[in-house]
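Engineer: Take this structure first; my questions come after.
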Amino acid sequence: MNYISDVLFWISNGLLVPVVVLLILFFLRSLLLIGNFFGQYLQIRKVDRLFMGKVEALTPETAGELRASIPANSKSPLLCCLAGLLDASKDKAHRQLLLSDYEIAADKDLGTSKTLSKMGPMLGLMGTLIPMGPALVGLSTGDIGSMAYNMQVAFATTVVGLFSAAIGFITQQVKQRWYTRDLNRLEFVSEVLDDCSVTDAASCAAAVKACPEGVEKQVAVKAGEEVL
């Protein structure tokens, strides 16, 4: 039994260095995430100011005007998806694919925040518990210096882990609201484009009745293609 306990003790102590290294990496990644989050916030505010009013007032008649106002080299995922929806105005299957791809891209962007919010406390707890064993050994042998050093490591890892987790949790919550709102707007645009396709098909059907018999068949074929 003592041999098994010693093996577990060695394994535990051996994990301290990887845990500390990962916590340092998580801390640096959380700082980068803060900068990325701030830049994304500024980009979203700019897009909202320039385009969201047009999106919310979108009608089948203004779809072409909205598409012309979107820059060709835009780096905003929302604008790229919006441009794709407008370009595929008569292809419902393609629009559904674009919306699914946007959801996947949003989930990928949230991956870093989710990892920090879940793994930060785990690594912080590991970094707290691992030095406690040597600290208790130092206390039992009267080595106060060793005990103090191990307790310092334990508290430091806890703070770093919780800091990383807090950054991940906050950014995850805010980004989820952003992506949910943007996805609702993109689905609204897709529904408007569906209405546009139905309107065009109805116009073609009306034209079939008004056309002479020689042209009737061609107009009917065109109406069927637009409905598809």
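Engineer: Modelling each spin label as a point 7 Å along the Cα-to-Cβ direction, I'd like the L50/K92 distance in nm, to one decimal.
Structural biologist: Distance between the two pseudo-spin positions: 3.3 nm.
Engineer: Can you give the FRET efficiency for S100 and E65, using 1/(1 + (r/R0)^6), R0 = 22 Å, r = Cβ-Cβ distance, to the nearest 0.05?
Structural biologist: 0.25
Engineer: Suppose the chain between A166 and N184 were pulled fully straight at 0.36 nm per residue; how much longer would it get relative to their current alpha carbon spacing?
Structural biologist: Going from the current span to full extension adds 3.7 nm.
Engineer: At a Förster radius of 30 Å, what calculated FRET efficiency corresponds to the Cβ-Cβ distance of S12 and I144, to the nearest 0.05?
Structural biologist: 0.85
Engineer: If a/c stays under 1.5 just call it rounded; otherwise compare a/b with b/c (prolate if a/b is bigger, oblate if not). Do that for the range 98-178, with a ≥ b ≥ c from the square roots of the Cα gyration tensor eigenvalues.
Structural biologist: prolate
Engineer: Which FRET efficiency, nearest 0.05, do V137 and F37 yield, Cβ-Cβ r, R0 45 Å?
Structural biologist: The formula returns an efficiency of 0.60 here.
Engineer: At 24 Å minimum axial length over the Cα atoms and a Kyte-Doolittle cut of 0.5, report the qualifying DSSP H helices in the chain, or say none.
Structural biologist: 16-47
Engineer: Relative contact order of the range 2-193: what whole-number percent is it, with Cα pairs under 8 angstrom and at least 6 residues apart?
Structural biologist: Computed over the range 2-193, the figure is 32 percent.
Engineer: Filter the chymotrypsin sites (Phe, Trp or Tyr not before Pro) in the range 1-38 to those in DSSP coil with at most 10 other Cβ atoms within 10 Å of their Cβ, and list the result.
Structural biologist: Counting only loop positions with at most 10 other Cβ atoms within 10 Å, none of the chymotrypsin sites (Phe, Trp or Tyr not before Pro) in the range 1-38 qualifies.
Engineer: While we're on this one: Measure up K90/K175; K54/K114; K118/K175; K90/K114; K54/K90 against 28 Å on the Cα-Cα distance and list the ones that go over.
Structural biologist: K90/K175; K54/K114; K90/K114
Engineer: Pick out which of Y102, Y149, Y179 has the largest mean-square fluctuation in a Gaussian network model of the chain, springs linking Cα atoms closer than 10 Å.
Structural biologist: Largest GNM mean-square fluctuation: Y149.
Engineer: So, one more: Using a/c under 1.5 as the rounded threshold, could you call the range 8-108 rounded, prolate or oblate? The axes a ≥ b ≥ c are square roots of the C-alpha gyration tensor eigenvalues, and prolate needs a/b larger than b/c, oblate otherwise.
Structural biologist: It comes out prolate by the Cα gyration axes.
Engineer: Taking a ≥ b ≥ c as the square roots of the Cα gyration tensor eigenvalues, with a/c under 1.5 meaning rounded and otherwise prolate when a/b beats b/c, else oblate, which class fits the chain?
Structural biologist: It is prolate, given that a/c is not under 1.5 and a/b is the larger ratio.
Since every read-out is calculated from the coordinates, none of them should be taken as a lab result. Just so it is clear, the model here is predicted, and its values are computed rather than measured. A quick note on method: Cβ atoms are made from the backbone with ideal geometry, for glycine too, and the neighbour counts reach across all protein chains shown.
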